[in-house]
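The numbers here are math on the coordinates, done by the rules we state, and not lab data. Owing to the predicted nature of the structure, the values given are computational and were not obtained by experimental measurement. Quick reminder, even Gly has a Cβ in these numbers, built from the backbone with ideal geometry, and neighbours come from all protein chains shown.
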Amino acid sequence: MYEPKKSDHFTFGLWTVGNIGRDPFGDPVRSPFSPEHIVENLSRLGAYGVNLHDNDLVPFDASLAQQDRIVKSFKSALEDHDMKVPMATTNLFTHPVFKEGAFTSNDPDVREFALKKTLRAIDLGAELGAGIYVFWGGREGAEVDASKQLPDGYKYFRDALNFLCSYVNDQGYDMKFALEAKPNEPRGHLFLPTTGAMLGFIATLDQPDMVGVNPEVAHETMAGLNFPHAVAQAIDAQKLFHVDLNDQEMNRFDQDFRFGSVQLKSNFFLVKLLEDIEYDGMRHFDAHAYRTEQEMGVWEFARGCMRTYLILREKVDKFNDDTEIQGMLSELQTESVNWDRIAAGYSSDKATELKAKNFDIDAMAERDFMYEKLDQLTVEIILGIR
């Protein structure tokens, strides 16, 4: 019952299972896998698809003829193994040309090149069937605040996204954008560091309806934030276009651990959020195997990500079916005709009535919310003894 199926919509990036174990202090520990090998093995494990940066598939300096051959072989592997490419993105952070930023660089030639590279990558994503295009501004930030008028960075990013939205519409692509926040790394300070910041920024775009967010577990957790809360805000704004699943310890570098390997309770509530709203997008794992692993460990990592999600999904069902827990929640989340009338909209009569209403403050303050017991029962559900 914990074996993944295509209908579970689990996806991985070519860069995730393809991670070769390099870090800032160490050389690679694994040999690279071909994209076709990744497609074959993820399909065997039950994944729905693979996602990619442009240069995960096509080398940065490839000619158009080389790109055609590479893409043809990749599309053949996708067809052979019944795999999809639901999401694509652009690498605007690895090459030295982006060392000062891409869309937000002080150099207008770099900004133009970043747009050109993204236009071609969007074409590639559309050719492969991607309906979501993610923007992670890995180099969009500043360590030296004297280097630019900081509002210009937001203006440049807005100009780029407005241009790209219009391009997608002009080409007739069935594609939406998802913005991915991160507080730092590789830049010391990144623009738009949280999902909430991204949601505010989206409202300033020319076509905000086609732009949403792609929250990532690790990125919000790096800043010491509660990830399910960030996802809930995106859901409330109807902007949860994509989600990146992994795991992370608070206030550390970007660890990208296997999903469920660190924060089981937080991940439980994340899965509960997605399942309770019947989220119809991809469950994308943006993580990688420990640097200690060789190839067998990489596929164990991928299997583990999916298996843990399915186990937590079962725990969510148990939570939702537990009569004692649901009884407590019914008592806590009470209905109120008076509140519904107020929430339906302002009127001067309602304001006058509310100002004149008497409340039994002492009785309200004495209410017991039973959170200790509720939290303990939740832990027992997660631990499998209930």
Label assignment, Kirkwood radius over Cα pairs in Å derived from the structure, set (1) 25.7; (2) 22.9; (3) 22.1: (2)
Point-charge dipole on Cβ atoms (K/R +1, D/E -1) for segment 163-291, about Cα centre, debye to 20: 400 debye
Near-label residues of segment 247-270 by backbone N, under 11 Å of a point 7 Å along Cα→Cβ of Y290: 258
Residue among S336, A77, A234 farthest towards the positive dipole end of the chain, charges placed on Cβ: A77
Under 16 Å from the Cα of K373 - aspartates and glutamates, other chains or at least 8 residues apart: D322, E324, E331
Within segment 6-317: Cβ-based charge dipole about Cα centre, in debye rounded to nearest 20 (Lys, Arg +1; Asp, Glu -1): 260 debye
Segment 323-383: proportion of alpha-carbon pairs further apart than 17 angstrom, %: 60 percent
Residues K239, K265, sorted so that the one with the fewest Cβ neighbours within 10 Å comes first: K265, K239
Sparse-neighbourhood loop sites, chymotrypsin sites (Phe, Trp or Tyr not before Pro) in segment 18-51 - DSSP loop, at most 11 other Cβ within 10 angstrom: F25
S73/S31 FRET efficiency (R0 22 Å; Cβ-Cβ; nearest 0.05): 0.70
Distance between segment 23-40 and segment 354-374 - C-alpha centres, whole angstrom: 57 Å
Computed [θ] at 222 nm, deg cm²/dmol, the chain (DSSP H ≥ 4; -39,500 (n - 2.57); rounded to nearest 500): -15000 deg cm²/dmol
Over segment 95-250: Kirkwood hydrodynamic radius from C-alpha pairwise inverse distances, Å: 15.9 Å
Estimated FRET transfer efficiency when R0 is 41 angstrom, pair D109-Q238 (beta carbons, to 0.05): 0.65
Cα-based Rg of segment 248-323 normalised by 2.2 N^0.38 Å, two decimals: 1.20
Alpha carbon centroid spacing (whole Å) that separates segment 221-277 from segment 80-135: 24 Å
FRET E, pair V379, S330, Förster distance 25 Å, beta-carbon r, rounded to 0.05: 0.75
Dipole magnitude of segment 323-383, debye to nearest 20 (Cβ charges: Lys/Arg +1, Asp/Glu -1, about Cα centre): 380 debye
Inter-label distance for E127 and I20, nm, one decimal - labels placed 7 Å from Cα along Cα-to-Cβ: 2.4 nm
Burial ordering of M222, M1, fewest other beta-carbon atoms within 10 Å first: M1, M222
